[in-house]
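Below is one structure, written out as structure tokens; the observations come after it.
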Amino acid sequence: GQSLEQPSEVTAVEGAIVQINCTYQTSGFYGLSWYQQHDGGAPTFLSYNALDGLEETGRFSSFLSRSDSYGYLLLQELQMKDSASYFCAVNKAGTALIFGKGTTLSVSS
Amino acid sequence: ETGVTQSPTHLIKTRGQQVTLRCSSQSGHNTVSWYQQALGQGPQFIFQYYREEENGRGNFPPRFSGLQFPNYSSELNVNALELDDSALYLCASSPASSGGGRTGELFFGEGSRLTVL
């Protein structure tokens, strides 16, 4: 089978840095994506790693290591508005996304 | 540029009924996929359409079916509704230039929340 594991919850304070890990058991995928979803709204794309290494997009960075079957999303300078659910996902055969169960991030002041 | 729109936003059905959910893809996108998201879970892939043909399907029974129209809009039909079908149904589109999501970036609508009683 194929699965992606993420921590269910993470808490942090404003201004802090938080890392959300994603480990997976699948092969033959094109890359690892990260999505943000506020309160059951539309998931929005954050970042994508096709190759091993770090991708940086503003306050968000994402990392992939295929040899370790591992990736993470790093959120810096946390803001209250970053409180949301974060999902890692792999895309296979350039079509479907297979999502993890998500990590709920709570940012407090 | 208009984003992905879905209708209806909320609906309530009873067991055994049938439901049709609709999705208009973002302008310029010819690939549409549907996902089911139960409360507290990640979205689960139902199926994908490219140029009016289904070209990928997840682990969902045949009572989940779909269509894509020449304007790339799409429908999700669910027959013989069960209580476990209660969920947020998300539609996502992507442009052909991205290989139908090959870049990992899909554009999601706000979803249709279905409650089955």
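The values are calculated or read from the model by the stated rules, or taken from the named source; none is laboratory data. Treat the numbers as computed from the prediction; the structure is a model and nothing was measured. Counting neighbours? That spans all protein chains shown, and the Cβs are built from the backbone with ideal geometry, glycine included. Surface accessibility is based on the protein's heavy atoms, side chains included, excluding ligands, DNA and RNA. Shrake-Rupley method; radii C 1.70, N 1.55, O 1.52, S 1.80 Å.
In the stretch A:77-99 there is at least one residue that is assigned to a loop (DSSP other than H, G, I, E, B), among the β-branched types (V, I, T) and within 12 Å of chain B (Cβ to nearest Cβ).
Given the condition touching a Gly at 6+ places or on another chain (Cβ under 7 Å), on the phi > 0 side of the Ramachandran plot and at pLDDT below 95, answer yes or no: does some residue in the stretch B:44-62 qualify? Looking through the stretch B:44-62, none of the residues is touching a Gly at 6+ places or on another chain (Cβ under 7 Å), on the phi > 0 side of the Ramachandran plot and at pLDDT below 95.
Exactly one residue out of B:G3, B:G28 is touching a strand residue (DSSP E or B) at 6+ places or on another chain (Cβ under 7 Å), open to solvent by 10 Å² or more (accessible area, probe 1.4 Å) and at pLDDT below 90: that is B:G28. Of B:L39, B:L90, all but one fail to be closer than 22 Å to A:Y86 by Cα, at pLDDT 90 or above and open to solvent by less than 20 Å² (accessible area, probe 1.4 Å); the exception is B:L90.
Looking for whichever is under 10 Å from the mean Cα position of the chain (by Cα), modelled with pLDDT under 95 and at the interface with another protein chain (Cβ under 9 Å from one of its Cβ atoms) here; the options are A:L4, A:L32. Which one fits?
That would be A:L32, the only listed residue that is under 10 Å from the mean Cα position of the chain (by Cα), modelled with pLDDT under 95 and at the interface with another protein chain (Cβ under 9 Å from one of its Cβ atoms).
What about A:S106, is it under 27 Å from B:Q26 (Cα atoms), at pLDDT 95 or above and in a strand (DSSP E or B)? No; evaluated as a whole, the condition is false for this residue. Scanning the stretch A:55-103 for residues that are among the β-branched types (V, I, T) and either modelled with pLDDT under 95 or touching a Cys at 6+ places or on another chain (Cβ under 7 Å) (or both) returns A:T57, A:V90, A:T95, A:I98.
Residue-by-condition table, conditions (1) surrounded by 15 or more Cβ atoms within 10 Å (Cβ to Cβ); (2) of a type outside the set (A, V, I, L, M, F, W, C); (3) within 8 Å of chain A (Cβ to nearest Cβ):
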site	(1), (2), (3)
B:W34	yes, no, no
B:E53	no, yes, no
B:Y72	yes, yes, no
B:F107	yes, no, yes
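If the condition is being over 19 Å from A:T104 (Cα atoms) and surrounded by fewer than 18 Cβ atoms within 10 Å (Cβ to Cβ), then the stretch A:56-69 contributes A:E56, A:T57, A:G58, A:S65, A:R66, A:S67, A:D68, A:S69.
Applying the criterion of being more than 14 Å from the chain's Cα centre (by Cα) and not acidic (D, E) to the residues of the stretch A:7-16, the residue that is farthest from the other protein chains (Cβ to nearest Cβ) is A:G15.
One residue stands out among those in the stretch B:20-73 that are assigned to a loop (DSSP other than H, G, I, E, B) and hydrophobic (A, V, I, L, M, F, W, C): the one that is nearest to B:V4 (Cα to Cα), which is B:F69.
If we scan the stretch A:43-51, do we find a residue that is crowded, with 17+ Cβ neighbours inside 10 Å and β-branched (V, I, T)? No: the stretch A:43-51 contains no residue that is crowded, with 17+ Cβ neighbours inside 10 Å and β-branched (V, I, T). Here A:N91 clears all of (1) surrounded by fewer than 20 Cβ atoms within 10 Å (Cβ to Cβ); (2) in contact with a Ser or Thr (Cβ under 8 Å, 6 or more places away or on another chain); (3) not acidic (D, E) except the condition numbered (1). Restricting the stretch A:17-32 to residues that are in a strand (DSSP E or B) and open to solvent by 30 Å² or more (accessible area, probe 1.4 Å) leaves a set whose member that is nearest to A:D52 (Cα to Cα) is A:Y30.
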